1. Quick one: which residues, 5+ away or cross-chain, put their amide H under 5 Å from the amide H of A40? H built at 1.01 Å from N.
2. With a 1.4 Å probe and all protein chains left in place, how much of the accessible area of segment 35-154 comes from carbon and sulfur atoms, in whole percent?
3. Can you list the HN-Hα couplings for segment 46-63, worked out from phi with the Karplus curve (6.51, -1.76, 1.60; θ = phi - 60°), rounded to whole Hz and with x for Gly and Pro?
4. With a 1.4 Å probe and all protein chains left in place, how much accessible area per residue does the chain have, in Å²?
5. Any idea of F74's accessible area? Nearest 10 Å², probe 1.4 Å.
6. At a Förster distance of 22 Å, what's the computed FRET efficiency of F9 paired with T57, Cβ-Cβ distance as r, to 0.05?
7. Using a basic spin-label model with each label point 7 Å from the Cα along Cα→Cβ, how many nm lie between R87 and S154?
8. Quickly work out the D72-to-E136 label distance, labels modelled 7 Å from Cα along the C-beta direction, and quote it in nm with one decimal.
Amino acid sequence: MTMDEIIGFVGALDGVLTLRPAPGDGSPEISWGDTFFYYAPDGVVPAATEPFATIVTKDYPGDEASRLGRADTFRLNIAAGKEEFIRWTGHAPREPGTTETDPSATDTLMAHPVYGTVGWLAVVNPGPATDAAVRELLRGSCHSARTRHERRASQA
């Protein structure tokens, strides 16, 4: 899967706002080239909500284990939630795994190297081995974000 394929797939889900920070748009320079997906049916970035998925194209401070400085390398990050995290890793987010996965391994679904403890999964350069899982997880993460949005809207 290429970044453009992922962006097209997620962007086609109902209510998704895709942000692609770039020079001159007021976003922090470190975010340029990355992509952030929000459930925002009104097209406005939610004020108090994190994205439900991201694509990062470079290492961030404190998050270098995926070695994203390699040519043509990116990482897809998905807020999977506790149940899906357990399903795909075999352990709860705050529990250590029984096997260690190299955070720089490609086309391998794994706990996010930094945010795994809060239920995020990650894949460096998703490909044939992770394509179906990635699509399923992205649909589920978007659905969860929509559910949270609707719950907040009904309480307002």
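The values are calculated or read from the model by the stated rules, or taken from the named source; none is laboratory data. Just so it is clear, the model here is predicted, and its values are computed rather than measured. Note that each Cβ is placed from the backbone with ideal geometry, even for glycine, and that neighbours are counted across all protein chains shown. The accessibility values were calculated without ligands, DNA or RNA, using every heavy atom of the protein model including side chains. Shrake-Rupley method; radii C 1.70, N 1.55, O 1.52, S 1.80 Å.
1. V16, L17
2. Working: 3260 of 6220 Å².
Looking at segment 35-154 in its full context, I get 52 percent from C and S.
3. Coupling constants for segment 46-63: x, 5, 10, 10, 7, x, 8, 7, 9, 10, 10, 10, 8, 6, 9, x, x, 9 Hz.
4. Values: 8350 Å² over 156 residues.
For the chain, the solvent-accessible area averages 54 Å² per residue.
5. Around 20 Å² of this residue is reachable by solvent.
6. Numbers: r = 18 Å, r/R0 = 0.80.
Calculated value: 0.80.
7. Modelled inter-label distance: 2.2 nm.
8. Label at E136, label at D72, 2.8 nm between them.
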